[in-house]
1. Can you tell me which of (1) surrounded by 12 or more Cβ atoms within 10 Å (Cβ to Cβ); (2) out of contact with any Pro (no Cβ under 8 Å at 6 or more places or on another chain); (3) closer than 16 Å to Tyr72 by Cα is the one Val48 doesn't meet?
2. So, in the range 1-45, of the ones that are β-branched (Val, Ile, Thr) and exposed (fewer than 15 other Cβ atoms within 10 Å of the Cβ), which residue ends up farthest from Tyr60 (Cα to Cα)?
3. From the set of residues in the range 56-76 that are of a type in the set (A, V, I, L, M, F, W, C) and part of a helix (DSSP H, G or I), which is farthest from His26 (Cα to Cα)?
Amino acid sequence: MNHTMLSKDTRPIQTIFIGDDYQRRHDVGQYGVTKISAVDETGEMAYVPWFEVWRGDALYARVNSAFVGEVYYQEGLELGRK
C-alpha cells in the first residue's frame, strides 16, 4: 500500500470538506479562494498536516487535516509533472 504525504503531493487541490457532515467546505474559485495548499506543522513528536486556504496573497484560513473529511483535486492538472 502506498501512502502519500499531503504536503508532498503536487496535485492542485480544488475542494476540502470539513467535518463529517460535509456542510462546511472551501472551494477554489468560490468566495475569493484562489488556492488551497497542504503544509506540515511541527506537532508533538511528529509533523501534523494542515490545509491553508488563500485569497490572493492573503492567508484566509487554516484547517487541521484531522477535521477534513475529503479532499478533491483539480482534474487533469498536475504541477511539476509531465
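Derivation of every value follows stated rules applied to the coordinates shown; laboratory data play no part. This one's a predicted model, so the numbers in the text were calculated from it and none came from an experiment. Note: ideal-geometry Cβ built from the backbone for every residue, glycine included; neighbour counts use all protein chains shown.
1. Here Val48 clears every test but (3).
2. Filtering first and then ranking leaves Thr4.
3. Ala66
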